[in-house]
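Here's the structure we're looking at; comments come further down.
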């Protein structure tokens with residue numbers, strides 16, 4: 001039996017849409033003291049962090065969380081997740097081979113989405129319309145238009161939507177940003193971020209039959225359906241139709257910290273970017289499309305500026321990242337640098353900060369954890385507390401903050417793709433006098449998987 005698309009459902013039930021999709025799931029027939037039943041959609045790499053955090057919360061008597069279900073359009077991944085997380089949680093885990101079944105299941109209160117980037121926006125919008133609270137991986141959107149629609153859906157349906165930039169919930173980084181805001185390095189006049197990750201040869205697109213048990217049409221969802229290959233399926237970060245390159249993959253974390261540290265709760269008015277995919281295309285002969293080296297600069301109406309740089313091969317470090325302050329992935333210099341009138345601050349990972357004061361760079365306040373761990377649990381705990389309070393203000397990374405940070409990555413990519421500096425109107429979220437850039441604000445609709453103009 002073929003299920004109707006959610007678009008079909010919305011069309012056929014226009015009169016009762018509000019009643020069907022807007023009712024808050026936790027309130028609907030439940031007491032706020034009951035367990036919040038959560039399902040995970042997309043059982044790839046990031047889903048493990050989601051499941052581990054939810055199982056930990058489930059085992060805390062005060063959290064009131066239950067990992068209730070897992071969903072994937074790949075039968076093998078679904079069966080594996082059912083066993084692994086059923087064993088880990090100690091109870092039966094419901095399985096869903098179609099996300100619409102999760103959204104239509106009234107016993108599910110909240111959904112986490114660990115799908116590829118091209119699905120994130122429609123995931124979150126459908127989740128909100130179905131009355132579910134949502135945790136969505138970074139970057140929240142595949143493009144700028146879809147990011148705004150996520151925010152509109154969260155507000156219209158009064159949903160609690162957390163964006164997966166987990167540094168916002170790191171106690172040490174929270175402390176560092178508070179000190180930055182309180183003037184520890186004086187007035188911050190500039191900030192810079194880097195993501196230098198060795199990526200190796202990403203491989204070539206070599207079409208082959210779709211593996212048994214994989215619904216390739218559903219995997220592609222809102223994106224075009226290309227011929228299947230291991231490259232299309234596994235290297236999607238580096239394909240424009242599915243991903244956003246390294247700046248959207250890793251860089252969104254550091255972009256978020258830069259914006260947070262500078263108190264920038266608006267879009268920039270100008271972005272420029274220069275890049276190349278030389279290593280992948282010329283040296284490795286890879287099919288990767290997104291730039292392996294990218295340098296971008298952005299300016300806000302206030303005059304504040306940030307820079308960001310991506311590199312994908314052997315490189316020197318910067319500000320001690322990797323060599324003195326190792327990232328959890330030891331060969332990869334990743335981090336943010338704030339420059340102020342009285343000193344500097346660096347945040348070299350997901351769990352520490354260091355300050356250096358005056359011309360002599362004397363060590364100032366700092367906080368760190370050995371091994372620079374990546375902790376997802378505090379971010380999920382924050383989400384669950386906000387679901388209880390029903391206050392989006394309690395979220396550390398509300399979806400609107402995620403939209404602003406994801407947009408920085410999109411602006412960098414757009415400036416690179418049109419090969420010129422672009423001017424951006426923060427109010428209309430469109431470009432000034434640049435139709436080529438405006439065409440990259442969104443993507444062509446695909447029947448049954450369209451992100452709606454009106455959510």
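Between the range 210-256 and the range 98-163, the alpha-carbon centres lie 18 Å apart.
Between residue 80 and residue 60, what is the label-to-label distance in nm when each label sits 7 Å out along the Cα-to-Cβ direction? Calculated label separation equals 2.9 nm. For the range 279-312 versus the range 68-84, the inter-centroid distance based on Cα atoms is 35 Å. Helix 399-418 against the longest principal axis of the chain: what's the angle in degrees, Cα atoms only, rounded to the nearest 10? Helix 399-418 sits at roughly 70 degrees to that axis. Applying 0.36 nm per residue to the separation of residue 87 and residue 314 and subtracting their alpha-carbon distance, the gain on full extension is 77.6 nm. To the nearest ten degrees, helix 377-389 and the longest principal axis of the Cα atoms of the chain are 60 degrees apart. Label the range 64-134 by shape, choosing from rounded, prolate and oblate, from the square roots a ≥ b ≥ c of the eigenvalues of the Cα gyration tensor; if a/c is under 1.5 it is rounded, and otherwise prolate applies when a/b is larger than b/c, oblate when it is not. Cα axes put the range 64-134 in the oblate bin.
The slack between residue 201 and residue 307, meaning 0.36 nm per residue of separation minus the straight C-alpha distance, is 35.5 nm. Sorting 77, 132, 454, 35 by the number of Cβ atoms found within 10 Å of their own Cβ, with the fewest placed first, yields 454, 35, 77, 132.
Taking the longest Cα principal axis of the chain as reference, the axis of helix 251-261 is set at about 70 degrees.
DSSP assigns beta bridges within the chain; of those with both partners inside it, close to 60 percent run antiparallel. Beta bridges assigned by DSSP with both partners in the range 251-334 are antiparallel in approximately 95 percent of cases.
Specify the inter-centroid distance of the range 164-190 and the range 331-396, based on alpha-carbon positions, in whole Å. When both Cα centres are located, 6 Å separates them.
Read-outs: derived from the displayed coordinates by stated rules, not from any lab. For clarity, every value in this text was computed on a predicted model and none was experimentally measured. Positions of Cβ are generated from backbone atoms using ideal geometry, with glycine treated the same way; all protein chains shown enter the neighbour counts.
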